[in-house]
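The structure appears below as structure tokens.
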Amino acid sequence: MTTTDADIEAAVAALRTTAPTTLRPKVLADVGLADLYARFESPIGPLIVAWNGLGVSEVEATDDDAAFEARHRARTGRPAHDAGELPPRLASAIARRLDGDRRVRIDLDLRGHTDFERDVWQKALEIPRGEVRPYGWVAAEIGRPRAVRAVGTALGHNPVPLIVPCHRVVRSDGTIGQYSLGGPGNKRTILRAEGLDPDGLESAARSGIRFVGSDTTHVVCLPTCHAAKRITPPHRVPFRSFERATSAGYRACRECRPESGVLAA
Amino acid sequence: MDTDSPLLAALADDLDGSFETLVVEHQDRLYSIALRLLGDPRDAEEAAQDALVRAYRALAGYDAARIRELRLRPWLSTIVLNLCRSRLGRRGSVRASLSLDAALPGELEPRTDSAHGPAETVATRDAANDWAGLLRTLPVAYRSAVVLRHVDGLSYPELALALDRPEGTVKAQVHRGVALLRTAFEAAQRQEREEMTA
């Protein structure tokens, strides 16, 4: 039996095959023209996390894939494909971020959102775990002290809750306020998981306490600032307003900057 | 190629809106090239993915005129080929030092039987595996030339572009590659006959 060149060429030509069905969604996600998604367990139950080559694009409290895909397409204009599970590196980065490690880098895909919204979310990222700031504080910190309501709206539109911790922004009167990821009950659950006592915060706020100072350092803080938490009860001085603190000779904490939002509030 | 013109025009006009068409039209050939060069399906998918992503990023940086002038098939082939070569290089000298015999598949189906009987699909698949295995025994330069010419079906002018060599050189590489394949195939058949009579 002889084997001709034509035989060999035909045999080699038969080696052409089809790409795995996973290739197209992976490529399109890598370049940001589609997203992949997977389920993620959190303190408030099952979440869906969507991402692409540019970063994490959405976090939603749902376990309904089809509904998520439809909403994702409506919001972003992109299809979302079930990836089964998060890439290990992303899963551990999200877990570490939720544990309070702000150094861990998580890229975000925030295309299609305004500069104002990005500024608000970036500011929310700076609030440490276990602490909260008022909406007015965020507005003042981004240089838009009169845009308190718009800050609330932007936080409500946060596409990546938990990763951008909009749950750490509360109402200027000290109450916990609304939450986009399944309502205010979840906001309290998450804050509690981060070591805060939402009920205690609200009752202190109801009694009029907005700031806390130390009579040894004469520094005044927002009540949840980590510096304020170190003040022992005998040296703890509550204030109803920032003006009362300054007129009593206190200066503002450089970490929590309690003066921010005073104008706005 | 003329057949690329509508796609190139679309890519030049709206990259994000038409890139998926490029993926759909070229993913099978890029995956096939990578699979036949690398052997491992997972490696091949990664190489094809990487190639398409690099193509997108390159296109995003080109102006419309440059995109319209592209020869899409050889251009994409070059990208995947370079990625496969660097993957093969990274695998190190372990596999490269395997002897030719060790890399040969042990059980070659008689080709005359492969088109008949209930075992046809199995036999066809085995035959494909055999030829894929034989192909991988070729030195990379010849393997690349044979894969692009006969698996992917590039013309010689396209192949010259893809490999950045004169047409005469790539023709010689393809012919030499096919000759090496024949030698490997005949050696494998001989080995099989010896094992059956032993």
Q: Could you give me the residue pairs with C-beta distances under 6 Å whose first residue belongs to the range B:142-161 and is surrounded by 21 or more Cβ atoms within 10 Å (Cβ to Cβ), whose second residue is in a loop (DSSP other than H, G, I, E, B) and among the hydrophobic types (A, V, I, L, M, F, W, C) wherever it lies, and which are 6+ apart or on separate chains?
A: B:L148/B:L154; B:V151/A:L15
Q | Index of the failed condition, B:R36 passing every other in (1) crowded, with 18+ Cβ neighbours inside 10 Å; (2) within 12 Å of chain A (Cβ to nearest Cβ); (3) without any contact (Cβ under 8 Å) to a residue 60 or more places away in the chain | A | (3)
Q) What are the residues in the range B:34-80 that are farther than 17 Å from B:S144 by Cα and either among the polar types (S, T, N, Q) or in the same structural domain as B:L135 (by TED's automatic domain parsing) (or both), if any? A) B:Q49
Q: Inspect the range A:74-97 for any residue being without any contact (Cβ under 8 Å) to a residue 12 or more places away in the chain and touching a helix residue (DSSP H, G or I) at 6+ places or on another chain (Cβ under 8 Å) and give the result as yes or no.
A: no
Q. What number of residues in the range B:132-176 are assigned to a helix (DSSP H, G or I), within 9 Å of chain A (Cβ to nearest Cβ) and under 20 Å from B:L30 (Cβ atoms)?
A. 7
Q | Residues of the range A:143-162 classified as under 21 Å from A:L108 (Cα atoms) and free of Cβ contacts under 8 Å to residues at least 24 places away in the same chain, total | A | 1
Q. Mind checking which residues of the range A:1-48 are among the β-branched types (V, I, T) and within 8 Å of chain B (Cβ to nearest Cβ)?
A. A:T3, A:I8, A:V12, A:T17, A:T18, A:T22, A:V27, A:V31
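Conditions tested, residue by residue: (1) closer than 19 Å to A:N158 by Cβ; (2) acidic (D, E); (3) in the same structural domain as A:P128 (by TED's automatic domain parsing).
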site: A:Q178; (1), (2), (3): yes, no, yes
site: A:L181; (1), (2), (3): yes, no, yes
site: A:R188; (1), (2), (3): yes, no, yes
site: A:A193; (1), (2), (3): yes, no, yes
site: A:D199; (1), (2), (3): no, yes, yes
site: A:I209; (1), (2), (3): no, no, yes
site: A:D215; (1), (2), (3): no, yes, yes
site: A:V220; (1), (2), (3): no, no, yes
site: A:P223; (1), (2), (3): no, no, yes
Q: Six or more apart or on different chains, Cβ under 7 Å: which pairs go from a residue in the range B:6-33 that's outside the structural domain of B:P74 (by TED's automatic domain parsing) to one that's of a type outside the set (V, I, T) and surrounded by 14 or more Cβ atoms within 10 Å (Cβ to Cβ)? Could you list them?
A: none
Q. Given B:D4, B:D28, which one is of a type in the set (D, E) and in contact with a helix residue (DSSP H, G or I) (Cβ under 6 Å, 6 or more places away or on another chain)?
A. B:D4
Q. Which one of B:D28, B:D4, B:D16 is of a type outside the set (S, T, Y), surrounded by fewer than 17 Cβ atoms within 10 Å (Cβ to Cβ) and over 21 Å from A:G32 (Cβ atoms)?
A. B:D28
Q.
Scan the range A:53-70 and tell me whether some residue there is closer than 29 Å to B:L59 by Cα, away from chain B (no Cβ under 14 Å) and hydrophobic (A, V, I, L, M, F, W, C).
A. yes
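The values are calculated or read from the model by the stated rules, or taken from the named source; none is laboratory data. None of the values given here were measured: they were computed from a predicted structure. Here the Cβ is made from the backbone with ideal geometry for all residues, glycine too, and neighbour counts use every protein chain on show.
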